[in-house]
Each structure stands twice: as structure tokens, then as C-alpha cells.
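For reference, the structure discussed in these notes is given below.
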């Protein structure tokens, strides 16, 4: 089945998308969070009339501006890639993605460019109230513009509210609200924005701590830490809540990803939650439960809490949580289809589509009968739902069985990224509480250990944020659209050298620009409030 | 134009045309909203610090690199370029989806 596809092309296309998306994500979370922190600071200036608050606001606004400028247009690369490298995918989702991305573009352009101009150029030119309004609208606008791309991403994780049109071979939106307000979309937006606020809060606290270590800008540092710690603390609490809700949603709509995140290979009642562990050889871990109901887990040296995974997933201590082997080999008792069965059904859906197109081309009367399948909700839910699995079909039963593990994502990367993200989330919770305590006790400048810890938490915040996206995107592999389309089906058949060249060009040019831009931001931090 | 005539600006209209005339009017009557908006951007860019100008330069280089080089050379819309009609595109994507 894979003979006519250059697998290095798929992997280069994946790498190119992953690198550009991760590069783009270096700038977005700080924009989302810092815009609100600035808005709070300016509100305090307007309410109190204290010129120092104005100076603090202007200082952070400067860093916000640099970050915003660095990030400008980095997201456009992803849109280029949709049309060129992922054209099959773009065709399949065209109608779903078109509207949200168009709204995002228009909204981002008008709201951000208008109000950001007032924010930066409007000091002493517009009234205090108008300036403050522009600052708040910049924050709200930049966060709202993130809604649409996150809704589109959520739809890829949980395709809903659409109907497949066999004539055009593309999905058409039938229910905007089902797409916009799916549990996956709501959780994704809330978790992504809240975690971005954490990153911004850590950024502000870290730089302020550096000033305290250097015994400079003490008032700016203490006030900034106070605002950022409160903001960060609230954000981390919401992030934990939305992360919990999101994980439960993933357990329902992407159970294989969930099992990979948790390192849960074998289903069991009162399933334990693995807090820490090392993923060993997974090749031998996939065993039919009918042959061996309790194989040895490849997650070694693990620290786990019995029953907690069941409790957190279903609110019942003794509930059964299926493992990867249940999804691979099926579990009739718990109503789980085997991957082999899904592949057969996916193949049937693909064959029906081919037969329909053939019948249409020949003007055959069977076309009506075949079209009826694509309007039959029962057939859509039982068979078309697994359309993408058909890619792993092989008429040789042994080869088909060998293909079933291809629907498993890289376990180690997903497991470690997930655990690292969660662990860092709790570290930030502790950091915000401690910093808040010391700032209110007015003992902050003497806590050198905590000041250094805050400073070195800045890269950790970025690692945590990127790790979240690795869990989200690598955990979904091999799918671009869950169960409907694989990466191999989505990719355009280009020369892999062309993708390799663009990937390397982006890598080189953007690394040079990033270095230049980091230098600018470091110089501005070093200058402090001199320019304000 | 009645307002401009009252203010004695009609002469400028014949010398420089309406646009310059209106701008001059705005400049001398700074309460005009349009003038304030133009002034906000013009002053903002004029008095921008050096580091901000460098950032704008980087943004321009980035945009030229992306839209002037990468997009025309490497990033074509594959389906639009290779196929003339939607039906051809449909046949192509179905073939790709079902043969991998």
C-alpha cells in the first residue's frame, strides 16, 4: 500500500511543519499573556495617577512590541504549507477551515494593527481613557484572534459538525456551533490561552528577578512581580482545571493518544496514574489481551498512584480504563473495536467512494445507491468514521495484522512531553505562591535562590509550552484528522528535496533573525526604564 | 467646501488641488479626527527609537524573504497549478487517499 509514496517526503513535510509551528509558538504565548499584564498595569496607572506605573507599563510594552514584531508573519509560513505541502489535506478540510481562518486574518489585522498603533504612538496624544481602552482591546483582540486557529486545530482532533460531500470529496460544515463549541475546542482554547498567561507571568517575574539580583529597577521589579504572580497564580489554577477537563475529553475522542500520554499499555480496573517512569522497548509490549491479559509494562522504574487514573478519568475509583492493547486488539466486553476491524471498515468506505466516482463517470444507475451510503447516518457513524484507517489495508491478512501498530504514536516522546509539561505546571504554581509570599512580606530582594530560580524558569516556561503542543500534535499521529486522514494521505506528492531545501532555508534564515531579535530584546532589558 | 471657502481656503484649491487644501486645513485645525489619525502614525514612525527601526527592517526583510522569494519559488498552490478543473482535483485527491 505504501510503495508509491516516498516516506522521507512525509517525514520532511512533518518536520517542516513541526519546526515552523514551534518557531511561531515561541512568540504567540508571550503576546497573549503579556498584553493582559500590561493592561492591568496601565489600569493601575489610570486609577492611581502614579507616574511610576506609567513607566512600568511603557517598559513592558516595549518588550511586548519587540516580541510582537519578531513573531509577525511567522504564522503565515504555515498557511503557505497547507496549499503546497498538504494540498490533499487542505482539499479535504477546505470548507471547515476557510471561514475560521478568514475571520482570524481580518480580525487580527484590524483589531491588533489599529489598537497596537494607539498603544505605542498614542501616549500624550490621546486621552488616558482612550489609551487604556486601546491597550485592553489589543489584549482582547490578540486573544480572540487565537480562537479561530485553535477551533480549526480542535476540529482536527475531534472532527464534528460536518458532512462529507462525495461529489467534491471534501467536508462541508453543517453546524457551525458544533465546530465552534465542541468540548475539544473549548478546552483547547482555554488551556492554550491560560498556559500562555503562565508563560508571560514567568517571563515578567524572571526578568524582574534579574533586576533584583543586579540591584536595579527595584520598584519596577517588585511591582511587576506582584502583578505577574497574581496573574500567573490565577492562570495556573485555570490551566490545571482546563488540563484536567481536556484530558478527560482526549480519553473519549482520542483514546490512543490518552493511553500514550499516560503510558497505559494494558487496560485495567482501578488503573494507576504514573507520576514518573522511563519508557523502555515498546515493540514487545503490544500483546493481544486474549493471549496475555497482564503483560509486563515497558514503563520502567515508575512511581504510580493506584486507582488515580480511573478516578481522574471517570470519577470512579474502580472503573476500567482501556490500554493501548485494548485499542489494538479490541475488547468486546467494553465495546472497543479492534484496529484490524477499523482498517477493514475504512477500506470499505474508501472502496465505496471509488465505486461512486466510477459509477458517476460511467453514468451508471448504481451511482444513486452508492451516494445513499454517504447520506446514511448509521453507515457514516459505523464505517465512514474510519475512512483514514483504510490506508493500512492489505489483502494479505498477515500483513494487515502487522499494520495495526502503525496507528500508535511515538510513545516515549508523547509520554515524556506530557509528564514534563505537567511537572513544570506544578513548579510554576509553587513559584507564583512563593514569589507572592515574599513580595507581600517585602523580603524579595534577599531571596537570591528564588530569584535565580525565577530567572531560570523563563526557558522552562517555553519548554513547557512547546511540550504541550508536542503532546497535542505528536500524540495524534499518524492522523492529521483523527481517524479520517493520515499524514501520508494528506501530503502532496512533491520531491522530498524541495521540502528539504525549504525546511533548511527556513531553519537558517529564521535562526539568524531570531538571534538578531533576541539581541535586541536583551539590550532593551539591560537598558531598563532609561528610555521611558 | 463651503466651510473651506468661509475660512479662505478656496485659493489653495486652485493652486494645489483638494487634497493638499484639505490637509492644510486639517493641519491648522488640529481637532479634525482624520488629521489626528494621520498625525498619530506619522509622528509615531518619525520619532521611533533606533531599536524599533531595526525591528521594522527585520520585519521588512522577513516579508520580502517570504513573499518575494519563498512563496513564488517554492510555495505554489499545488492543486490549482497542476489541475484545471475541480473534477480533476477531486479525482487526484481520491486517488491519493485510496492508494496510500
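Residue count for segment A:501-529, restricted to those that are away from chain B (no Cβ under 11 Å) and touching a residue at least 12 places away in the same chain (Cβ under 8 Å): 4.
For segment A:495-511, indicate whether the set of residues that are assigned to a helix (DSSP H, G or I) and farther than 26 Å from residue A:26 by Cβ is non-empty. Taking every residue of segment A:495-511 in turn, at least one turns out to be assigned to a helix (DSSP H, G or I) and farther than 26 Å from residue A:26 by Cβ. When the helices (runs of 4 or more DSSP H) confined to segment B:36-100 are screened for residues that are facing chain A (nearest Cβ under 8 Å), under 26 Å from residue A:63 (Cβ atoms) and within 18 Å of the chain's Cα centre (by Cα), those reaching at least 1 such residues are found at B:50-63. Regarding segment A:96-118, can at least one residue be identified that is within 30 Å of residue B:45 (Cβ to Cβ), without any contact (Cβ under 8 Å) to a residue 24 or more places away in the chain, facing another protein chain (nearest Cβ under 10 Å) and surrounded by 17 or more Cβ atoms within 10 Å (Cβ to Cβ)? Yes.
Taken together, the residues in segment A:222-265 that are over 30 Å from residue A:60 (Cβ atoms) and out of contact with any strand residue (DSSP E or B) (no Cβ under 7 Å at 6 or more places or on another chain) amount to 18. For segment A:413-423, does any single residue satisfy the condition of being crowded, with 19+ Cβ neighbours inside 10 Å and under 26 Å from residue A:223 (Cα atoms)? No, that holds for no residue. The residue list A:479, A:450, A:456 contains one member that is more than 30 Å from residue B:60 (Cβ to Cβ), touching a helix residue (DSSP H, G or I) at 6+ places or on another chain (Cβ under 9 Å) and not assigned by TED's automatic domain parsing to the domain that holds residue A:230, which is A:479.
Every condition in (1) free of Cβ contacts under 8 Å to residues at least 40 places away in the same chain; (2) under 30 Å from residue A:168 (Cα atoms) is met by residue A:339 except one, and the failing one is (1).
The values are calculated or read from the model by the stated rules, or taken from the named source; none is laboratory data. Model, not experiment: these values are computed from the prediction. Neighbour counts are summed over all protein chains in view; Cβ atoms, including those assigned to glycine, are modelled from backbone coordinates with ideal geometry.
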